[in-house]
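> Before I ask anything, here is the structure I am working with.
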Amino acid sequence: MKLNNLFGVLSALLLVINQVGASGMITALRKNNVNMDLTINTTAAERYIVQCTTNLIDTSWSDIKEFQANDDVTIESVSSTAASCYFRVVKSDDQSVAENPDTPPSPPPPPPPPPAMPNE
């Protein structure tokens, strides 16, 4: 019974959290054993961070998981050690791996050669 109440409270609070400007909208929440499956509206190739807080009055959020979206809807399984947790999803500031996460970044081009000195 207690788990059902917690699920209801979390589901209701997702609406509030999404309305205050979280980048990735959580559209569904499902308990999966000890984890929570979050269904998130995303943009393919964008990076996101799932965050958690135990208190909506406190402005600090803890990063739980970072992921790269492969489609318009992504299901991410997350766990939290907190007894209760409010979730939100924000876009990652680091989009450098969004194009191809398996390819390392290219090195910068070499500097141009120094100008030739005139003959004396």
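The values are calculated or read from the model by the stated rules, or taken from the named source; none is laboratory data. Nothing here was measured: the structure is a model prediction, and the numbers come from that model. Glycine gets a Cβ as well: all are built from the backbone with ideal geometry, and neighbour counts include every protein chain shown. The area values use the complete protein model at the heavy-atom level, side chains included, leaving out ligands, DNA and RNA. Shrake-Rupley method; radii C 1.70, N 1.55, O 1.52, S 1.80 Å.
> Looking only at segment 38-58, count how many residues are of a type in the set (S, T, N, Q) and touching a strand residue (DSSP E or B) at 6+ places or on another chain (Cβ under 7 Å).
5
> Considering only segment 1-37, state which residues are at pLDDT 55 or above and of a type in the set (D, E, K, R).
Those that are at pLDDT 55 or above and of a type in the set (D, E, K, R): Arg30, Lys31, Asp37.
> Identify, from the list Ile64, Ile49, Ile40, the residue that is part of a strand (DSSP E or B), at pLDDT 90 or above and open to solvent by 50 Å² or more (accessible area, probe 1.4 Å).
So the residue among Ile64, Ile49, Ile40 that is part of a strand (DSSP E or B), at pLDDT 90 or above and open to solvent by 50 Å² or more (accessible area, probe 1.4 Å) is Ile64.
> Could you please find all residues in segment 68-94 being part of a loop (DSSP other than H, G, I, E, B) and open to solvent by less than 70 Å² (accessible area, probe 1.4 Å)?
The answer is Ala69, Ser79, Ser80, Ala82, Ser84, Cys85, Ser92.
> A follow-up question, please. For segment 49-83, what are the residues that are β-branched (Val, Ile, Thr) and over 14 Å from Asp93 (Cα atoms)?
Correct list: Thr53, Thr54, Ile57, Thr59, Ile64, Val73, Thr74, Ile75, Val78, Thr81.
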